[in-house]
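A short worksheet on the structure shown next.
The values are calculated or read from the model by the stated rules, or taken from the named source; none is laboratory data. Predicted model only: the values in this text are computed from it and were never measured. A quick note on method: Cβ atoms are made from the backbone with ideal geometry, for glycine too, and the neighbour counts reach across all protein chains shown.
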Amino acid sequence: MTAITCQQAWRNMTQQSQSQSLRNYTQRLAMDDYLVETELFPKAVLEAYTAWNLELPLSDEQTQFFNAERGGGQGDYRSGMRNKIANVVDCLSRFPQSKRAIITISNNPSPCHTSDDDAKCLRELHFYIEDNKLNASCLFRAQAALIFPKNIHFIGALMAEIAQSLAIPVGTLFYCATILVSDRS
């Protein structure tokens, strides 16, 4: 599967999900440019959500961007993220061929089907070094094309941080969503 840009992926997702949802959407994404700006997600908003999910401090201005329309609690991946990043860096530094460099997104082990916050959209990220680049695979429970810019910006920044810590370039992301929908309705 040939890698496409994140911008191309967003256009592809938007087009394919307009009239119906799509099960088991997959794509390989080049992660050297993960900025996908939209009316809902201008750059400043993407940076705020990414900082939040990377468990970094936010300015007062950045906190003003948060609202349910931009993903709500099911897009909150922050819990323990600094430790998770450190664990992946340690794993790949010590064992570059490891299959255990993963980040699992915290979730209720017995989610209530009526609670969005109980069922995070991003479930797991698997990181690996191939061709001396940091690559990853991700699994989404669900992806709304409308929200993709926020999610891919977070994953791109996460990959960039890990790659920088390992002193290698960023490669590609194998992206899988169990269901792709147009929006959160």
- Checking S115, S98, S79, S106 in turn, the sole residue that is surrounded by 11 or more Cβ atoms within 10 Å (Cβ to Cβ), at pLDDT 95 or above and of a type in the set (G, A, S) turns out to be S98
- Message: I'm trying to understand the selection: among the residues of region 13-49, which are assigned to a loop (DSSP other than H, G, I, E, B), of a type in the set (S, T, N, Q) and touching a residue at least 12 places away in the same chain (Cβ under 8 Å)?
- Response: Q18, S21, T38
- Message: I'd like the full set of residues that are under 17 Å from N24 (Cα atoms) and in contact with a Cys (Cβ under 7 Å, 6 or more places away or on another chain), limited to region 152-175.
- Response: L173, Y175
- region 163-185, subset modelled with pLDDT of 95 or more and polar (S, T, N, Q), residue farthest from A136 (Cα to Cα): T178
- Task: Could you check, for region 156-168, whether at least one of its residues is closer than 24 Å to V89 by Cβ, β-branched (V, I, T) and assigned to a helix (DSSP H, G or I)?
- Result: yes
- Query: Does K133 satisfy the criteria of being touching a residue at least 12 places away in the same chain (Cβ under 8 Å), surrounded by 14 or more Cβ atoms within 10 Å (Cβ to Cβ), more than 23 Å from E47 (Cα to Cα) and of a type in the set (K, R)?
  - Reply: yes
- Taking the options T178, T114, T104, name whichever one is more than 28 Å from A44 (Cβ to Cβ), touching a strand residue (DSSP E or B) at 6+ places or on another chain (Cβ under 7 Å) and without any contact (Cβ under 8 Å) to a residue 60 or more places away in the chain. T104
- Taking region 50-68 and keeping only residues that are surrounded by fewer than 16 Cβ atoms within 10 Å (Cβ to Cβ) and part of a helix (DSSP H, G or I), one is left with D60, E61, T63, A68
